[in-house]
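The structure under discussion appears below in the form of structure tokens.
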Amino acid sequence: MGTDTVRTAASDEAAGRRREQRGWYFYDWACSVYSTSVLTVFLGPYLTSVAKEASDTDGYVHPLGIPVRAGSFFAYSVSLSVIVAVLVMPLVGAAADRTGRKKPLLGAAAYLGAAATTGMFFLDGDRYLLGGVLLIIANAAQSVAMMLYNSYLPRIAPPEERDAVSSRGWAFGYAAGSLVLVANLVLYLAHDSFGVSESTAVRICLASAGLWWGGFTIIPLLRLRDRGREEQAVVREEATAPGLRQLAATVRDMRRHPLTLAFLLAYLVYNDGIQTVISQASVYGSEELGLSQSALIGAVLLVQVLAVAGALGMGRLARKYGAKRTILGSLIAWTLTLGAGYFLPAGAPAGFFLLAAAIGLVLGGSQALSRSLFSHLVPPGKEAEYFSAYEMSDRGMSWLGPLLFGVTYQLTGSYRDAIVSLVAFFLIGFVLLARVPVRRAIGAAGNPVPERI
């Protein structure tokens, strides 16, 4: 009888965990549309056109009396949103760990971001300031929400399941991004057939991403569970500190886990390369290879579709070879892909599509397995706090790659030299990650060591 009771309890626990995991996947499904349709495709060019509409005869706008080139307004707004996120994430992360109430904070951040994105429908005429404010709010809220979302991974998946669970989450996100991007592109390319202007079509696309984000966020909020303060390992006074003080406290705490910090450094380096390839590939395609806008958008869609298969496939490889080896293999693939990109002929979209396909196959898996591997290195009870540092590495620290890309182009006048210069991030990241003894790092963080990692 006692054995049956234990078995029933274990079965109920497993069923509850599966339910939470399925709910967790749906937040990636909800929010990835913002990254794909808003940030990657539509908002940059549209907000730039709105800023140009409001500019003076010299091409400047003047937010708060500061002269800014209209063409730089979008980039500056993104940079400011990163600064806001860096200040807020450590504070929210520590508060989530201290109180054990991650779900209300996740909901608040997600719906703030979704509301700001939906509000982009009203971004018309010369309302560039409205666009900048909404972008800052949405982007910062997205970073905070993703940090809280990622911090659930150690709670909803035992060590042996995390690679697969993380990979499925990324796959859900890329699938949603592909689905909505197809619908948005149909509206955008055939806007006359729908009886709307090109500007209105873009604003509908932007707002639809916000509505999608908010609508599907309901599912994880219904299924995820907060564990409460009684399950939190440590309560510290720094958890109520302002953002910068909390960030400093988090870094001091991480110094007690140097192997965790070593992994984060490796991730910071190779992820900088990944993010730079994502942001600069379209520039390379248009300026160096002379490809059309429709070809570039098609390449973005191809990346999204293949990233689904790539994330799931690399998740399976991790089960066989371990997450660390699989990530190292993906960094080799990134290096070879960039090397091939250097030799692409101009005016031939087929080669660029092959490059996009290669990127898609390694993109989702690289990110998913990095997230799951880091989750093993986080001390129990400090998930949100440590994932705030991880999220800053993912979103807030990826500045060196674009700088190297820009400086290389400035010195050589060649986008080919600029794109191949990014190989350095993958080679250095490979060396740094290879030197991290992950099994020892997991044990040092106070976590059980999986059989294969």
Please count how many residues of segment 434-446 are open to solvent by 30 Å² or more (accessible area, probe 1.4 Å) and either assigned to a helix (DSSP H, G or I) or in contact with a Pro (Cβ under 7 Å, 6 or more places away or on another chain) (or both).
6
Residues in segment 304-312: is at least one in contact (Cβ under 8 Å) with a residue 24 or more places away in the chain, more than 23 Å from Phe42 (Cβ to Cβ) and open to solvent by less than 20 Å² (accessible area, probe 1.4 Å)?
yes
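Here is a yes/no grid of residues against (1) at pLDDT 90 or above; (2) within 29 Å of Pro450 (Cβ to Cβ):
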site: Arg162; (1), (2): no, yes
site: Tyr174; (1), (2): no, yes
site: Asp192; (1), (2): yes, no
site: Val196; (1), (2): yes, no
site: Arg223; (1), (2): yes, yes
site: Ala233; (1), (2): no, yes
site: Arg236; (1), (2): no, yes
Result of the Cβ filter at 6 Å on segment 352-378, keeping first residues that are touching a residue at least 40 places away in the same chain (Cβ under 8 Å) and among the β-branched types (Val, Ile, Thr) and partners that are open to solvent by 20 Å² or more (accessible area, probe 1.4 Å) and in a helix (DSSP H, G or I), at least 6 apart or interchain, is Ile359/Val303; Val362/Ala333
Within the group Leu179, Leu206, Leu211, Leu185, which residue is closer than 28 Å to Phe26 by Cα, crowded, with 18+ Cβ neighbours inside 10 Å and modelled with pLDDT of 90 or more?
Leu206
Being in a loop (DSSP other than H, G, I, E, B) and among the small types (Gly, Ala, Ser) is the filter here; which residues of segment 263-298 pass it?
Gly290, Ser292
Mind listing whichever residues of segment 80-124 are part of a loop (DSSP other than H, G, I, E, B) and surrounded by fewer than 20 Cβ atoms within 10 Å (Cβ to Cβ)?
Gly100, Arg101, Asp124
Quick one: in segment 402-433, of everything that is in contact with a helix residue (DSSP H, G or I) (Cβ under 6 Å, 6 or more places away or on another chain) and within 27 Å of His257 (Cα to Cα), which residue is most open to solvent (accessible area, probe 1.4 Å)?
Ile428
Give the residue, chosen from Ala145, Ala164, that is in contact (Cβ under 8 Å) with a residue 24 or more places away in the chain, hydrophobic (A, V, I, L, M, F, W, C) and under 22 Å from Gly315 (Cα atoms).
Ala164
Residues that are closer than 30 Å to Val92 by Cβ, over 20 Å from the mean Cα position of the chain (by Cα) and among the small types (Gly, Ala, Ser): which helices (runs of 4 or more DSSP H) entirely in segment 128-208 hold 1 or more of them?
128-151
Would you check if Gly132 is open to solvent by less than 20 Å² (accessible area, probe 1.4 Å), in contact (Cβ under 8 Å) with a residue 60 or more places away in the chain and of a type outside the set (A, V, I, L, M, F, W, C)?
yes
Report yes if some residue within segment 240-262 is among the hydrophobic types (A, V, I, L, M, F, W, C), in a helix (DSSP H, G or I), open to solvent by 50 Å² or more (accessible area, probe 1.4 Å) and modelled with pLDDT of 90 or more; otherwise report no.
yes
What number of residues within segment 366-382 are under 16 Å from Phe426 (Cα atoms) and either among the β-branched types (Val, Ile, Thr) or modelled with pLDDT under 85 (or both)?
0
Residue in segment 22-36 that is nearest to Met146 (Cα to Cα), counting only those that are modelled with pLDDT of 90 or more and open to solvent by 10 Å² or more (accessible area, probe 1.4 Å):
Ser32
If we ask which residues in segment 37-77 are open to solvent by less than 70 Å² (accessible area, probe 1.4 Å) and in a loop (DSSP other than H, G, I, E, B), their number turns out to be 3
Consider Ala115 carefully, then state whether it is among the small types (Gly, Ala, Ser) and within 16 Å of the chain's Cα centre (by Cα).
no
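The values are calculated or read from the model by the stated rules, or taken from the named source; none is laboratory data. Quick caveat, the model's predicted, so the values are computed rather than measured. Here the Cβ is made from the backbone with ideal geometry for all residues, glycine too, and neighbour counts use every protein chain on show. Protein only, heavy atoms only, side chains kept; ligands, DNA and RNA dropped before computing areas. Shrake-Rupley method; radii C 1.70, N 1.55, O 1.52, S 1.80 Å.
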